[in-house]
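Visitor: First, the structure itself, so that you have it in front of you.
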Amino acid sequence: MISPALARRLRDQGLHWTPALHDRFMIPDRDLDEQVFVIAELTIDVEKVAGHATIMFNGAVEWSLDYIFSQDVVWLPNEEQLRGLLDGQFVALTRVDGGYRCDLELDDMTIGFTAETGADAYGQALLHVMYARDPEAANVQSDAAPPVWGAPGDV
């Protein structure tokens, strides 16, 4: 699983998420930072409320949290989702000493990104691609809206 810190950096850079069944996420800044949630048919699902994707906690009577807007959580994409977002630039993921290396083909060059986990290697590569597409976004202020970046067809 991708590290929460890297997932936050991707979100802050503008990675768009359309919540879907079996996606994992965390709720930051509410004393739940260490808890990973999974969207499932029985307990957590996604509905539109006032035009926003809203994560609903159904059947969780012990919770005081009934719902939370998707923009208030951090998506924890899996390796398959991260690889898909690399949009044809992905070359290979290989095991190396101390972790994994994700190689991308960018501007006729192969560039590698290493991390302890495969998901973090993919995440580092995706973050690089996002910065390359919008270098000014690397300096986006926290109160400014980051550029939207995600899979085609995401809303």
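All of the numbers you see were taken from the coordinates with simple rules; none came from a lab. Because the structure is predicted, anything quoted here is derived from the model rather than measured. Cβ atoms come from the backbone with ideal geometry, glycine included; neighbour counts cover every protein chain shown.
Visitor: I want to check the label-to-label distance for residue 108 and residue 38. Put each point 7 Å from Cα in the C-beta direction and report it in nm to one decimal.
Guide: Calculated label separation equals 4.6 nm.
Visitor: Pairwise over distinct Cα atoms, reciprocal of the mean inverse distance: report the Kirkwood radius of region 75-134 in Å, one decimal place.
Guide: Taking every pair of different Cα atoms in region 75-134, averaging 1/r and inverting gives 11.3 Å.
Visitor: Oh, and also: I'd like the FRET efficiency for residue 30 and residue 78, computed as 1/(1 + (r/R0)^6) with the beta carbon distance as r and R0 of 22 Å, rounded to 0.05.
Guide: Efficiency computed from Cβ-Cβ geometry: 0.40.
Visitor: Right, next: If you count, for each residue, the other Cβ atoms within 10 Å and average over each peptide, how do 28-39, 6-17, 67-78, 104-115 line up from highest to lowest?
Guide: Highest to lowest by the protection proxy: 6-17, 67-78, 104-115, 28-39.
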